[in-house]
1. How much length, in nm to one decimal, is gained on full extension between residue 20 and residue 96, taken as 0.36 nm per residue of separation minus their Cα-Cα distance?
2. Quick one: which residues, 5+ away or cross-chain, put their amide H under 5 Å from the amide H of residue 53? H built at 1.01 Å from N.
3. Which whole-Hz ³J(HN,Hα) couplings does region 87-99 yield from phi under the Karplus relation 6.51 cos²θ - 1.76 cosθ + 1.60, θ = phi - 60°, glycine and proline marked x?
4. Please list, in chain and number order, the residues 5+ apart from residue 111 or on another chain whose amide H is under 5 Å from its amide H, with Hs placed from the backbone.
5. Pop the C-beta distance of residue 29 and residue 76 into the FRET formula with R0 = 22 Å and round what comes out to the nearest 0.05.
6. Take peptides 34-40, 8-14 and line them up by average Cβ neighbours within 10 Å, highest first, as a rough protection proxy.
7. Please report the carbon-and-sulfur percent of the accessible area for region 24-99; probe 1.4 Å, protein heavy atoms only, DNA, RNA and ligands left out.
8. Calculate, in nm to one decimal, what residue 109 and residue 7 gain on full extension: separation in residues at 0.36 nm each, minus their alpha carbon distance.
Amino acid sequence: MSSTTGHPESSHQEVLKDRAVRLFKFLRELALLKSKTVRDLSEYEKVVWFNDVPQCKNCLSVLSPESDKLQDSTWLEIRQSSEPRRPAIPSSCVRWLEEETIEDEPHAEPRLRDEIATASFP
């Protein structure tokens, strides 16, 4: 560490910087002690091979025909599918549903009413 005479503030910053660097080195070494280095595939609970990746539009691997769409450093990319739209509610069922659940949110599950009014016969 170089001595900076006449500048106690910069000396203090150097000390803080040195302490921060040593703290991060310590934390990195501590994390390495806690993690086990795996040297054999049989030690893993489950292994998924690139050959086992499903051939669909949302799953791309370096072995798939569409691999030219991937960036050079990407080996596997799985994209989330969009959720399908809820089907239209049949007219015969509409009166059994709470109205706010029909209109509120398209992804919310509709709630059924406990009872409905029916026409009385004379």
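1. 20.9 nm
2. Correct list: empty.
3. Along region 87-99, the couplings run x, 5, 7, x, 4, 5, 9, 4, 5, 7, 9, 5, 5 Hz.
4. Distant-sequence amide H within range of residue 111: 98, 101.
5. That gives a FRET efficiency of 0.15.
6. Going from most to least packed, we get 8-14, 34-40.
7. Here carbon and sulfur together make up 55 percent of the probe-accessible area.
8. Length difference between fully extended and current span is 30.0 nm.
The values are calculated or read from the model by the stated rules, or taken from the named source; none is laboratory data. Here the structure is a predicted model, which means the values were calculated and not measured. Quick reminder, even Gly has a Cβ in these numbers, built from the backbone with ideal geometry, and neighbours come from all protein chains shown. Side chains are part of the model used for accessible areas, which takes the heavy atoms of the whole protein and leaves out ligands, DNA and RNA. Shrake-Rupley method; radii C 1.70, N 1.55, O 1.52, S 1.80 Å.
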